[in-house]
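The values are calculated or read from the model by the stated rules, or taken from the named source; none is laboratory data. Please read all numbers here as calculations on a predicted model, not as lab measurements. Every residue, glycine as well, gets a Cβ built from its backbone with ideal geometry; the counts of neighbours run over all protein chains shown.
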Amino acid sequence: MPVPLVPDEVVLDELSRAFGGEDSVEVVADVAQPEVPAPEGGAPGVIDAPAEDTTSTTDTTSTTDNVSTTDNTSTTDNTSTKGTISIIGDDLPDAAYLDDELERDSSGSGPVFIDDDGSSDAVLPKDASSRGIEPRIRQRRIGVKRAENRRRLWWLLLLGAVLVVAIGVLALLGSSLFAVDQVAVTGNVYTDPEALETIIEDLSGTPVLLVDTAEIEAQVEAIPWVEDARVRTSFPDSASIEIRERTPVAAMQGTDGLVRVIDVDGRVLGLVDGQPVALVWISGPGTLDVAPGQFASIGYSSAASLVTKLTPEIRSMVDSMAVTPDGADLVLMLTGEQGPIEVRFGSALGENAQIEKLVRLQRTLDDIGTTPVTVIDVSTSEVTVR
(Lines give C-alpha, C1' and ligand atoms only; values in the text may rest on other atoms or scores of the structure.)
Protein backbone atom coordinates (compact mmCIF):
# COMPACT_ATOMS: atom_id res chain seq x y z
CA MET A 1 0.00 0.00 0.00
CA PRO A 2 1.51 3.45 -0.93
CA VAL A 3 2.47 5.75 1.87
CA PRO A 4 0.16 8.83 2.12
CA LEU A 5 1.87 12.03 1.04
CA VAL A 6 1.98 15.14 3.23
CA PRO A 7 0.22 18.20 1.76
CA ASP A 8 2.70 20.37 -0.10
CA GLU A 9 2.71 24.11 0.76
CA VAL A 10 3.50 25.13 -2.81
CA VAL A 11 0.54 23.12 -4.07
CA LEU A 12 -1.73 24.73 -1.51
CA ASP A 13 -0.56 28.17 -2.60
CA GLU A 14 -1.25 27.29 -6.22
CA LEU A 15 -4.74 26.13 -5.26
CA SER A 16 -5.31 29.35 -3.37
CA ARG A 17 -4.43 31.42 -6.40
CA ALA A 18 -6.44 29.16 -8.71
CA PHE A 19 -9.66 29.42 -6.69
CA GLY A 20 -8.99 32.84 -5.13
CA GLY A 21 -11.58 34.92 -6.95
CA GLU A 22 -14.87 34.78 -8.72
CA ASP A 23 -13.37 35.67 -12.10
CA SER A 24 -13.37 32.95 -14.69
CA VAL A 25 -10.15 31.05 -15.11
CA GLU A 26 -8.73 30.54 -18.56
CA VAL A 27 -8.01 26.88 -19.35
CA VAL A 28 -4.63 26.39 -20.92
CA ALA A 29 -3.36 23.34 -22.68
CA ASP A 30 -1.12 21.25 -20.50
CA VAL A 31 2.01 19.56 -21.62
CA ALA A 32 1.81 15.85 -22.23
CA GLN A 33 1.21 14.02 -19.00
CA PRO A 34 4.05 11.67 -18.24
CA GLU A 35 3.17 8.09 -17.60
CA VAL A 36 3.63 7.17 -13.99
CA PRO A 37 4.02 3.62 -12.82
CA ALA A 38 0.82 2.38 -11.34
CA PRO A 39 0.92 1.72 -7.62
CA GLU A 40 -0.24 -1.91 -7.07
CA GLY A 41 -2.96 -2.34 -9.61
CA GLY A 42 -3.64 1.32 -10.32
CA ALA A 43 -3.74 2.79 -13.83
CA PRO A 44 -0.69 4.71 -15.07
CA GLY A 45 -0.80 8.52 -15.06
CA VAL A 46 -3.04 8.88 -11.97
CA ILE A 47 -2.20 8.76 -8.31
CA ASP A 48 -5.06 7.53 -6.19
CA ALA A 49 -5.74 8.94 -2.79
CA PRO A 50 -4.83 6.34 -0.19
CA ALA A 51 -7.45 5.38 2.34
CA GLU A 52 -7.58 2.90 5.14
CA ASP A 53 -9.71 -0.21 4.46
CA THR A 54 -10.71 1.21 1.09
CA THR A 55 -11.62 -0.57 -2.08
CA SER A 56 -10.93 1.65 -5.13
CA THR A 57 -11.91 1.20 -8.71
CA THR A 58 -10.26 3.59 -11.20
CA ASP A 59 -11.03 4.06 -14.84
CA THR A 60 -8.55 6.18 -16.75
CA THR A 61 -8.93 7.55 -20.21
CA SER A 62 -6.15 9.64 -21.83
CA THR A 63 -6.64 11.89 -24.86
CA THR A 64 -4.12 13.32 -27.29
CA ASP A 65 -4.97 16.91 -26.26
CA ASN A 66 -3.18 16.43 -22.94
CA VAL A 67 -6.45 16.45 -20.94
CA SER A 68 -7.00 13.54 -18.56
CA THR A 69 -10.29 12.47 -17.02
CA THR A 70 -10.29 10.22 -14.00
CA ASP A 71 -13.28 8.61 -12.33
CA ASN A 72 -12.60 7.61 -8.79
CA THR A 73 -15.04 5.68 -6.72
CA SER A 74 -13.90 5.27 -3.18
CA THR A 75 -15.64 3.50 -0.36
CA THR A 76 -14.26 4.00 3.11
CA ASP A 77 -15.35 2.80 6.48
CA ASN A 78 -15.38 6.34 7.92
CA THR A 79 -17.10 7.87 4.78
CA SER A 80 -14.26 10.44 4.26
CA THR A 81 -13.14 11.27 0.74
CA LYS A 82 -9.99 13.17 -0.20
CA GLY A 83 -9.42 14.80 -3.57
CA THR A 84 -6.48 14.14 -5.82
CA ILE A 85 -4.17 16.72 -7.38
CA SER A 86 -2.02 15.80 -10.37
CA ILE A 87 0.94 18.08 -11.13
CA ILE A 88 2.03 17.83 -14.73
CA GLY A 89 5.65 18.66 -15.54
CA ASP A 90 9.01 17.24 -16.31
CA ASP A 91 9.17 15.37 -13.00
CA LEU A 92 6.90 12.68 -11.69
CA PRO A 93 3.57 14.02 -10.42
CA ASP A 94 3.12 14.64 -6.74
CA ALA A 95 -0.03 14.18 -4.75
CA ALA A 96 -1.52 16.10 -1.86
CA TYR A 97 -4.70 15.45 0.12
CA LEU A 98 -7.13 18.06 1.37
CA ASP A 99 -9.67 17.79 4.15
CA ASP A 100 -12.45 19.00 1.86
CA GLU A 101 -13.41 17.74 -1.55
CA LEU A 102 -11.84 19.57 -4.49
CA GLU A 103 -13.89 21.65 -6.88
CA ARG A 104 -15.14 19.45 -9.70
CA ASP A 105 -17.44 19.71 -12.64
CA SER A 106 -21.08 18.65 -12.60
CA SER A 107 -20.18 15.08 -13.46
CA GLY A 108 -18.20 14.82 -10.24
CA SER A 109 -15.11 13.75 -12.12
CA GLY A 110 -11.99 15.40 -13.39
CA PRO A 111 -8.88 16.10 -11.38
CA VAL A 112 -7.32 19.52 -11.02
CA PHE A 113 -4.20 19.92 -13.16
CA ILE A 114 -1.45 22.35 -12.20
CA ASP A 115 0.92 23.18 -15.04
CA ASP A 116 4.46 23.12 -13.72
CA ASP A 117 5.99 25.30 -16.44
CA GLY A 118 4.79 28.57 -14.86
CA SER A 119 2.70 29.56 -17.89
CA SER A 120 -0.68 29.24 -16.18
CA ASP A 121 -2.34 28.79 -12.85
CA ALA A 122 -4.27 25.78 -11.60
CA VAL A 123 -7.46 25.19 -13.59
CA LEU A 124 -10.40 22.82 -13.66
CA PRO A 125 -11.24 20.79 -16.72
CA LYS A 126 -14.48 22.74 -17.18
CA ASP A 127 -15.57 25.57 -14.89
CA ALA A 128 -13.57 26.74 -11.88
CA SER A 129 -15.75 29.69 -10.88
CA SER A 130 -18.64 28.01 -9.16
CA ARG A 131 -17.39 27.62 -5.62
CA GLY A 132 -14.21 29.63 -4.76
CA ILE A 133 -11.29 28.93 -2.50
CA GLU A 134 -11.03 26.68 0.48
CA PRO A 135 -12.75 28.33 3.52
CA ARG A 136 -9.68 28.50 5.73
CA ILE A 137 -7.63 30.20 3.03
CA ARG A 138 -10.52 32.55 2.33
CA GLN A 139 -10.73 33.55 5.97
CA ARG A 140 -6.99 34.08 6.12
CA ARG A 141 -7.09 36.36 3.09
CA ILE A 142 -10.00 38.29 4.47
CA GLY A 143 -8.13 38.73 7.75
CA VAL A 144 -5.01 39.99 5.99
CA LYS A 145 -7.00 42.47 3.91
CA ARG A 146 -8.87 43.71 6.94
CA ALA A 147 -5.59 44.22 8.81
CA GLU A 148 -4.16 46.16 5.87
CA ASN A 149 -7.27 48.30 5.66
CA ARG A 150 -7.13 49.01 9.39
CA ARG A 151 -3.47 50.08 9.13
CA ARG A 152 -4.22 52.26 6.14
CA LEU A 153 -7.17 53.85 7.91
CA TRP A 154 -5.07 54.46 11.01
CA TRP A 155 -2.39 56.27 9.01
CA LEU A 156 -5.00 58.33 7.17
CA LEU A 157 -6.61 59.35 10.45
CA LEU A 158 -3.21 60.24 11.91
CA LEU A 159 -2.29 62.31 8.88
CA GLY A 160 -5.63 64.07 8.98
CA ALA A 161 -5.20 64.88 12.67
CA VAL A 162 -1.73 66.32 12.06
CA LEU A 163 -3.01 68.47 9.21
CA VAL A 164 -5.90 69.75 11.29
CA VAL A 165 -3.58 70.65 14.17
CA ALA A 166 -1.08 72.34 11.84
CA ILE A 167 -3.79 74.38 10.14
CA GLY A 168 -5.21 75.38 13.50
CA VAL A 169 -1.82 76.50 14.80
CA LEU A 170 -1.09 78.50 11.64
CA ALA A 171 -4.50 80.11 11.76
CA LEU A 172 -3.97 81.07 15.39
CA LEU A 173 -0.50 82.50 14.79
CA GLY A 174 -1.77 84.42 11.79
CA SER A 175 -4.64 85.98 13.69
CA SER A 176 -4.80 89.45 15.22
CA LEU A 177 -3.91 87.96 18.60
CA PHE A 178 -0.28 87.94 17.46
CA ALA A 179 -0.24 91.21 15.50
CA VAL A 180 2.75 93.57 15.75
CA ASP A 181 2.03 96.17 18.39
CA GLN A 182 5.51 97.38 19.39
CA VAL A 183 8.29 98.43 16.98
CA ALA A 184 11.74 99.42 18.25
CA VAL A 185 14.11 101.37 15.98
CA THR A 186 17.85 101.69 16.68
CA GLY A 187 20.78 103.31 14.87
CA ASN A 188 18.82 106.17 13.33
CA VAL A 189 20.52 109.55 13.75
CA TYR A 190 20.01 111.42 10.49
CA THR A 191 17.41 109.11 8.93
CA ASP A 192 14.24 110.88 7.90
CA PRO A 193 11.82 110.31 10.83
CA GLU A 194 8.73 110.82 8.65
CA ALA A 195 9.81 108.08 6.25
CA LEU A 196 10.46 105.76 9.19
CA GLU A 197 7.08 106.54 10.74
CA THR A 198 5.29 105.59 7.52
CA ILE A 199 7.04 102.22 7.46
CA ILE A 200 6.27 101.57 11.13
CA GLU A 201 2.58 102.35 10.60
CA ASP A 202 2.40 99.82 7.78
CA LEU A 203 4.17 97.23 9.94
CA SER A 204 1.92 97.69 12.97
CA GLY A 205 -1.12 95.42 13.05
CA THR A 206 0.44 92.78 10.81
CA PRO A 207 0.50 89.28 12.35
CA VAL A 208 4.03 88.42 13.45
CA LEU A 209 4.03 85.26 11.39
CA LEU A 210 3.04 87.14 8.23
CA VAL A 211 5.57 89.98 8.43
CA ASP A 212 7.71 90.10 5.28
CA THR A 213 11.01 91.17 6.85
CA ALA A 214 12.80 91.35 3.47
CA GLU A 215 10.20 93.77 2.14
CA ILE A 216 10.42 95.96 5.25
CA GLU A 217 14.22 96.01 5.02
CA ALA A 218 14.04 97.09 1.38
CA GLN A 219 11.69 99.94 2.30
CA VAL A 220 14.01 101.15 5.06
CA GLU A 221 17.12 100.90 2.86
CA ALA A 222 15.36 103.02 0.24
CA ILE A 223 15.79 105.99 2.62
CA PRO A 224 18.96 107.81 1.40
CA TRP A 225 20.62 107.94 4.81
CA VAL A 226 20.24 104.20 5.42
CA GLU A 227 23.03 101.95 4.21
CA ASP A 228 21.77 98.71 5.77
CA ALA A 229 18.71 97.60 7.74
CA ARG A 230 17.76 94.47 9.66
CA VAL A 231 14.17 93.70 10.64
CA ARG A 232 13.34 91.05 13.23
CA THR A 233 10.08 89.91 14.76
CA SER A 234 9.45 88.19 18.07
CA PHE A 235 6.38 86.66 19.65
CA PRO A 236 3.88 87.61 20.64
CA ASP A 237 3.60 91.14 19.23
CA SER A 238 6.92 92.97 18.79
CA ALA A 239 9.35 93.86 16.00
CA SER A 240 12.68 95.64 15.79
CA ILE A 241 14.42 97.66 13.05
CA GLU A 242 18.20 98.02 13.26
CA ILE A 243 19.67 100.74 11.02
CA ARG A 244 23.25 101.43 9.91
CA GLU A 245 23.51 104.87 8.37
CA ARG A 246 25.86 106.12 5.68
CA THR A 247 28.72 108.39 6.69
CA PRO A 248 28.57 111.98 5.41
CA VAL A 249 31.96 113.34 4.31
CA ALA A 250 31.27 116.62 2.54
CA ALA A 251 28.67 119.24 1.77
CA MET A 252 27.89 121.34 -1.27
CA GLN A 253 25.38 124.02 -2.09
CA GLY A 254 22.92 123.77 -4.96
CA THR A 255 21.59 126.53 -7.12
CA ASP A 256 18.45 126.57 -4.98
CA GLY A 257 20.53 127.68 -2.00
CA LEU A 258 20.05 124.44 -0.06
CA VAL A 259 23.03 122.48 1.20
CA ARG A 260 23.45 118.87 0.07
CA VAL A 261 25.17 116.43 2.38
CA ILE A 262 27.01 113.76 0.36
CA ASP A 263 28.79 110.51 1.23
CA VAL A 264 31.99 108.98 -0.15
CA ASP A 265 30.24 107.96 -3.38
CA GLY A 266 28.78 111.42 -4.02
CA ARG A 267 25.28 110.27 -3.05
CA VAL A 268 23.11 113.08 -1.69
CA LEU A 269 21.94 111.96 1.74
CA GLY A 270 19.78 114.91 2.64
CA LEU A 271 19.15 118.64 2.50
CA VAL A 272 20.08 120.92 5.37
CA ASP A 273 20.02 124.61 6.09
CA GLY A 274 23.47 126.17 6.51
CA GLN A 275 26.95 124.71 6.24
CA PRO A 276 27.76 121.72 8.52
CA VAL A 277 30.97 122.62 10.33
CA ALA A 278 32.09 119.00 10.67
CA LEU A 279 32.07 118.40 6.91
CA VAL A 280 34.43 119.54 4.17
CA TRP A 281 32.88 122.22 2.03
CA ILE A 282 33.03 121.56 -1.73
CA SER A 283 32.34 124.34 -4.19
CA GLY A 284 32.68 124.90 -7.88
CA PRO A 285 30.84 125.71 -11.07
CA GLY A 286 28.05 123.56 -12.46
CA THR A 287 26.46 122.49 -9.20
CA LEU A 288 22.99 121.03 -9.70
CA ASP A 289 19.92 120.82 -7.54
CA VAL A 290 20.42 117.12 -6.87
CA ALA A 291 17.63 115.46 -4.88
CA PRO A 292 18.30 113.13 -1.92
CA GLY A 293 19.18 109.63 -3.08
CA GLN A 294 20.70 110.88 -6.33
CA PHE A 295 24.40 111.31 -7.12
CA ALA A 296 26.38 114.46 -7.72
CA SER A 297 28.64 114.92 -10.74
CA ILE A 298 31.90 112.99 -11.03
CA GLY A 299 33.95 115.99 -9.93
CA TYR A 300 32.11 116.30 -6.62
CA SER A 301 32.10 112.52 -6.15
CA SER A 302 35.90 112.41 -6.66
CA ALA A 303 36.38 115.26 -4.21
CA ALA A 304 34.24 113.43 -1.62
CA SER A 305 36.33 110.30 -2.14
CA LEU A 306 39.53 112.31 -1.64
CA VAL A 307 38.28 113.50 1.76
CA THR A 308 38.31 109.94 3.10
CA LYS A 309 42.02 109.54 2.15
CA LEU A 310 43.32 112.65 3.93
CA THR A 311 45.77 112.10 6.76
CA PRO A 312 44.68 113.45 10.15
CA GLU A 313 47.18 116.32 9.86
CA ILE A 314 46.01 117.40 6.43
CA ARG A 315 42.37 116.88 7.34
CA SER A 316 42.70 119.28 10.26
CA MET A 317 44.09 121.94 7.90
CA VAL A 318 41.53 121.58 5.09
CA ASP A 319 39.17 124.52 4.91
CA SER A 320 37.42 123.80 1.61
CA MET A 321 37.74 122.30 -1.86
CA ALA A 322 37.03 123.72 -5.29
CA VAL A 323 36.51 121.29 -8.16
CA THR A 324 35.28 121.34 -11.72
CA PRO A 325 32.24 119.20 -12.58
CA ASP A 326 34.36 116.79 -14.59
CA GLY A 327 37.02 116.50 -11.87
CA ALA A 328 39.83 117.66 -14.15
CA ASP A 329 41.02 120.33 -11.70
CA LEU A 330 40.84 120.36 -7.92
CA VAL A 331 42.23 122.85 -5.43
CA LEU A 332 42.59 122.32 -1.68
CA MET A 333 42.45 125.34 0.59
CA LEU A 334 44.48 124.74 3.77
CA THR A 335 44.79 126.90 6.85
CA GLY A 336 48.40 126.90 8.07
CA GLU A 337 50.21 128.56 10.97
CA GLN A 338 51.45 131.26 8.64
CA GLY A 339 48.15 131.71 6.78
CA PRO A 340 46.13 130.08 4.03
CA ILE A 341 47.83 127.69 1.60
CA GLU A 342 46.53 126.86 -1.86
CA VAL A 343 47.29 123.27 -2.88
CA ARG A 344 47.01 122.66 -6.61
CA PHE A 345 46.01 119.06 -6.89
CA GLY A 346 45.35 118.76 -10.60
CA SER A 347 42.98 115.98 -11.64
CA ALA A 348 40.89 114.52 -8.86
CA LEU A 349 40.24 111.29 -10.74
CA GLY A 350 41.81 107.91 -9.96
CA GLU A 351 42.34 106.28 -6.60
CA ASN A 352 46.07 105.64 -7.01
CA ALA A 353 46.70 109.13 -8.38
CA GLN A 354 44.97 110.65 -5.36
CA ILE A 355 47.13 108.67 -2.94
CA GLU A 356 50.39 109.59 -4.75
CA LYS A 357 49.55 113.32 -4.65
CA LEU A 358 48.61 113.17 -0.97
CA VAL A 359 51.98 111.52 -0.20
CA ARG A 360 53.79 114.40 -1.98
CA LEU A 361 51.75 116.96 -0.06
CA GLN A 362 52.47 115.35 3.31
CA ARG A 363 56.23 115.24 2.61
CA THR A 364 56.21 118.85 1.49
CA LEU A 365 54.41 119.99 4.62
CA ASP A 366 56.93 118.11 6.74
CA ASP A 367 59.81 119.74 4.87
CA ILE A 368 58.63 123.33 5.02
CA GLY A 369 57.75 123.17 8.69
CA THR A 370 56.88 126.72 9.78
CA THR A 371 58.21 128.36 6.62
CA PRO A 372 55.50 130.59 5.26
CA VAL A 373 54.21 129.45 1.84
CA THR A 374 51.14 130.33 -0.17
CA VAL A 375 51.10 127.78 -3.00
CA ILE A 376 52.02 124.08 -3.18
CA ASP A 377 51.69 122.31 -6.53
CA VAL A 378 51.55 118.50 -6.26
CA SER A 379 49.86 117.87 -9.62
CA THR A 380 53.10 116.41 -11.00
CA SER A 381 56.00 114.46 -9.59
CA GLU A 382 58.00 117.74 -9.46
CA VAL A 383 56.50 119.52 -6.44
CA THR A 384 56.75 123.31 -6.51
CA VAL A 385 56.40 125.58 -3.51
CA ARG A 386 55.96 129.33 -3.52
Under the condition of being loosely packed, with under 13 Cβ neighbours inside 10 Å, closer than 12 Å to residue 341 by Cα and of a type outside the set (Ser, Thr, Tyr), which residue from the range 356-386 is nearest to the chain's Cα centre (by Cα)? 375
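If you scan the range 294-335, which residues turn out to be loosely packed, with under 15 Cβ neighbours inside 10 Å and not basic (Lys, Arg)?
Within the range 294-335, 294, 295, 308, 311, 312, 313, 316, 319, 326, 328, 335 meet the criteria.
Can you confirm whether residue 272 is surrounded by 15 or more Cβ atoms within 10 Å (Cβ to Cβ), farther than 23 Å from residue 379 by Cβ and of a type outside the set (Ser, Thr, Tyr)?
Answer is yes for this residue.
What residue, of 185, 189, 208, is crowded, with 16+ Cβ neighbours inside 10 Å and either modelled with pLDDT of 90 or more or at positive phi (or both)? Spell out how you get there, then give the answer.
Working: 189 fails: crowded, with 16+ Cβ neighbours inside 10 Å; 208 fails: either modelled with pLDDT of 90 or more or at positive phi (or both).
After ruling out the rest, the residue left standing is 185.
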Residue under evaluation residue 198, criteria (1) part of a loop (DSSP other than H, G, I, E, B); (2) over 20 Å from residue 299 (Cα atoms), criterion not met: (1)
For the range 233-259, which residues satisfy the criterion of being under 18 Å from residue 288 (Cα atoms) and in contact with a helix residue (DSSP H, G or I) (Cβ under 9 Å, 6 or more places away or on another chain)? 250, 252
